[in-house]
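Heads up, the thing below is written out as structure tokens.
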Amino acid sequence: MLPLRRMNRSLPHDAVVPDRNSGSSKKEQVAHMFDRIAPRYDLLNRFLSARIDLHWRKDALREMIPFAPKKILDVATGTADLALMADTILQPASIVGIDISPQMLEVGKNKIGKVKKSDRIILESGDAEAINHSDGSFDLVMVAYGIRNFQDLSTGLKEMLRVLRPGGKLLILEFSRPKNRIWRGLYQFYMKRYVPTLASWMGQDKKAYAYLDESARLFPEREDLLQILRNSGYTDCSYKTYTGGICSRYLATRPL
């Protein structure tokens with residue numbers, strides 16, 4: 001586990017940026033990177049994951065059914081995959097999705113418009129570390145594969161806590177490293193070598209997918225992330241893993 005003294009300072013993960021030679025902030029670089037890859041982001045993700053990421057999302061959202069959230073915030077919504085799935089599975093009154101990439105939001109808005117859900121799912125330009133909504137606005141805050149892109153993880157977690165109502169839930173999906181040595185080696189080869197190369201072949205930004213791999217590898221996971229969640233003010237923190245540990249689901253609560 002991460003030593004407690006490290007948890008009170010910036011994490012190594014926070015320093016990972018798409019381009020170390022750039023003078024821009026991590027936030028600016030991430031927004032620009034996703035703007036570049038937005039047009040084919042969904043297609044490549046489905047191909048690279050063999051669509052298994054859809055199973056992870058569905059399973060995590062079905063766990064939220066007993067809580068019956070009516071107002072949902074989807075942080076780092078990207079192209080609104082999770083928001084659209086949440087609307088179908090949880091049938092809330094409203095979903096707000098925020099993201100710092102205008103092009104990802106544009107793709108998401110087009111998808112929402114095609115299924116005629118623009119009155120139920122609203123996408124906004126927004127920063128996870130400065131959410132433009134009042135305290136206690138949401139029953140559920142969720143973020144899928146975007147939390148590792150936060151410029152400051154602790155600030156983002158505390159901001160999401162702020163906009164949750166007391167008793168509200170935080171749901172996180174994020175990549176993690178398999179514990180089995182053989183499986184971990186295969187997974188690391190796939191992510192470090194195969195994914196960036198294939199992305200390049202398909203006309204995507206190879207550097208972007210190399211960054212996504214590095215940010216996932218350095219991101220605190222499992223018990224480490226649970227401790228950071230507790231330090232940020234959450235209670236009832238838990239996790240479960242999918243597909244041999246490739247992905248982890250984290251669940252936490254804003255105290256009453």
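Only the coordinates and a few stated rules stand behind these numbers; no lab work does. Everything numeric here is computed off the predicted structure, so don't read it as measured data. Please note: Cβ atoms are built from the backbone with ideal geometry, for glycine as well, and neighbour counts cover all protein chains shown.
Efficiency by 1/(1 + (r/R0)^6): what FRET value for D119 and I89, r their Cβ-Cβ distance, R0 = 25 Å, to the nearest 0.05? Walk me through the numbers on the way to the answer.
Details: r = 18 Å, r/R0 = 0.73.
Efficiency at R0 = 25 Å is approximately 0.85.
Size descriptors for region 78-126: radius of gyration and Dmax over Cα atoms are 9.7, 27 Å.
Given the pairs K70/K116; K109/K169; K58/K117, which span a C-alpha to C-alpha distance of over 23 angstrom in this model?
Numbers: K70/K116 19 Å; K109/K169 25 Å; K58/K117 19 Å.
From K70/K116; K109/K169; K58/K117, over 23 Å: K109/K169.
Name the shape class, rounded, prolate or oblate, that the alpha-carbon gyration tensor gives for region 125-169, where a ≥ b ≥ c are the square roots of its eigenvalues, rounded holds for a/c under 1.5, and otherwise prolate holds if a/b is larger than b/c and oblate otherwise. Prolate shape, in that a/c is at least 1.5 and a/b is the bigger ratio.
Contour minus end-to-end for L54 and E106, with contour as 0.36 nm per residue of separation and end-to-end as the Cα-Cα distance? Present the calculation step by step, with values, prior to reporting the outcome.
Values: separation 52, 0.36 × 52 = 18.72 nm, distance 2.12 nm.
That works out to 16.6 nm of additional length.
When a/c reaches 1.5 or more, the comparison of a/b and b/c decides; with that in mind, is region 10-117 rounded, prolate or oblate per its Cα gyration tensor?
On the way: a/c = 1.82, a/b = 1.65, b/c = 1.11.
It is prolate, given that a/c is not under 1.5 and a/b is the larger ratio.
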